[in-house]
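Undergrad: Just passing along the structure, written as structure tokens.
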Amino acid sequence: MTYSHAELVALLHRLDDPVFVERPRGYDHAATRAVFEQLVARLDAAFDTRCRVDRQVQDASLHARVEVPGEATTCQEQIVVSVSNFGSMAVVAAENPGVYDDTDEAVEAAVLDADDLRSIERALADLGYVLIPERLLTRPYDGVSPLATYRPAEPRPDWWIRYFDYI
């Protein structure tokens, strides 16, 4: 399903909680991990490779991330999929998060193949993930959680930190 910019911004605010910063109220780690493992299996099959996976994330709003190695992609650049503990949200990034504003820019720069991106988007959608564009997450955080107290050295937290980073 495709969401508008306004719907995605509303989702970020709706999932925000003034108390639960690393994971939402009622979080089911086993269920979240089971869906993530299905994503890993789908990406392994789609790219005919064994993706690198970081499952050892702690003290974070990020659940885990999977990296499709560059040698398995059309453009020979790594593709990273980051999954949040909140709302089945996911982000796709070419090379690494933060290198490009969004996947459109990466496709235009010829470092992300449109067919590779569609394969990942299809896997995410089939598993119920909501794809969040990176550019949306670089906006200054204006939510209700005490994020600034968790990251006091961060001069201006953003939505990426809120949902896809270490707290």
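Undergrad: Looking only at region 112-137, count every residue that is in a loop (DSSP other than H, G, I, E, B) and surrounded by 20 or more Cβ atoms within 10 Å (Cβ to Cβ) and tell me the total.
TA: 3
Undergrad: Please go through region 32-50 and give me each residue that is among the β-branched types (Val, Ile, Thr) and either touching a residue at least 40 places away in the same chain (Cβ under 8 Å) or in a helix (DSSP H, G or I) (or both), ordered by number. Spell out how you get there, then give the answer.
TA: In the first step, residues of region 32-50 are kept if they are among the β-branched types (Val, Ile, Thr); the result is 32, 35, 40, 49.
Matches in region 32-50: 32, 35, 40.
Undergrad: Right, next: Regarding region 97-110, can at least one residue be identified that is in a strand (DSSP E or B) and either under 16 Å from residue 38 (Cα atoms) or touching a strand residue (DSSP E or B) at 6+ places or on another chain (Cβ under 8 Å) (or both)?
TA: no
Here, each number is a calculation from the coordinates, and none is a lab measurement. Keep in mind the model is a prediction, meaning the values are calculated, not measured. Neighbour counts are summed over all protein chains in view; Cβ atoms, including those assigned to glycine, are modelled from backbone coordinates with ideal geometry.
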